[in-house]
Amino acid sequence: MQVALSVGAGAGAGYVYKNGVSPTTGEPQDLKVTDASSITLPVLLEVGYRATPHWYLGLWGSYEKVFEKDSDLSCPEGFDCNFRQWRFGPEVRYHFSPGAGFDPWVGLGVGLEVAESDLEGETDVPVPDVGPVPARVEFSVTDRGPTYARLALGGDVKLSRSLSFGPIITASIGSYTIRTGDQTVTFPGIPPQEIPLPLVDDGFHALFTVALRVAWLRP
């Protein structure tokens, strides 16, 4: 059995969703990954089995704290925002030099992505036939979908027979295909109003991470 833990930094490109509606302005919008976040802090756990010295079969999973940007599209100035992401799935990996002091490897996997967004704050909400009205907006959404492919590159520097240390780089392509959650708008003197989430189109994107990895292999 092999267990590995990695910590690093991540970024993305592409879309969280397309053809949506702003929760604060009511205007049409496409939300890009780079509009919503700057970097992520991923913690990656891998558990698997070395079927042969060269071949590894296992599962990977990561939790990523997302550092949001102040943006009218995703986190308006003055709002309290909290973004995070979970990813997990199976992986197969090939080790080129399992008996050497440095063992480079390449892995390919698939998976599932779950991104959670919570924000709340005070803003002017457009009301038909009235205009902008001050209100408190609370927004809690989960976007999820498949990781179509995840490429991982790395290398293990042997510290002992069972312990190794080295870099890991990952690049994946995926899409958020399902959006669930709720949004609540509270106007002064009126009970909170539950508003259905607007429909959006799938958000196709790429995600990248660079990290340092410690692996333990039971002989």
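Bear in mind these aren't lab numbers, they're just calculated from the coordinates by the rules spelled out. All of these numbers come straight from a predicted model, not from anything done at the bench. Cβ atoms come from the backbone with ideal geometry, glycine included; neighbour counts cover every protein chain shown.
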### Task
Return the ratio Rg/(2.2 N^0.38 Å) for segment 61-104, where Rg is computed over Cα atoms only.
2.08
## Note on the structure
In Å, the C-alpha Rg and Dmax of segment 32-96 are 17.3, 54
#### Entry: All lysines inside 28 Å of K69 as judged from Cα atoms, apart from same-chain residues fewer than 8 positions distant
K18, K32
### Task
List, largest first, the extents of the alpha carbons of segment 90-193 along their principal axes, each in whole Å.
73, 26, 18
### Query
Of I178, I190, I168, which is the most mobile in a GNM of the chain whose springs link Cα atoms less than 10 angstrom apart?
I190
### Distance from segment 85-142 to segment 168-219 (C-alpha centre basis), Å
4 Å
### Message
Taking a cut-off of 28 Å, what percent of all Cα-Cα pairs in the chain are separated by more than that?
### Response
39 percent
### Summary
Taking Lys and Arg as +1 and Asp and Glu as -1, residues besides S38 with C-beta under 13 Å from its C-beta add up to -1
### Query
Over the alpha carbons of segment 81-121, what is the largest minus smallest coordinate on each principal axis, giving the biggest first in Å?
56, 20, 9
## Note on the structure
Of P196, P98, P90, the most mobile residue in a GNM of the chain (C-alpha springs, cutoff 10 Å) is P196
### Summary
Expected vector for segment 66-76, Karplus 3J(HN,Hα) from phi with 6.51, -1.76, 1.60 and θ = phi - 60°, integer Hz, x for Gly and Pro, equals 9, 8, 7, 9, 5, 8, 4, 7, 10, 8, x
### Query
Anyone know which of T142, T52, T123 comes out most mobile in the 10 Å Cα GNM of the chain?
T52
### Message
Using the Cα atoms of segment 104-147, I'd like the radius of gyration and the largest Cα-Cα distance, Dmax, both in angstrom.
### Response
19.5, 64
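How large is the charge dipole for segment 59-113, taken about the Cα centre, if only the Cβ atoms of Lys, Arg (+1) and Asp, Glu (-1) carry charge, to the nearest 20 debye?
Dipole about the Cα centre, nearest 20: 360 debye.
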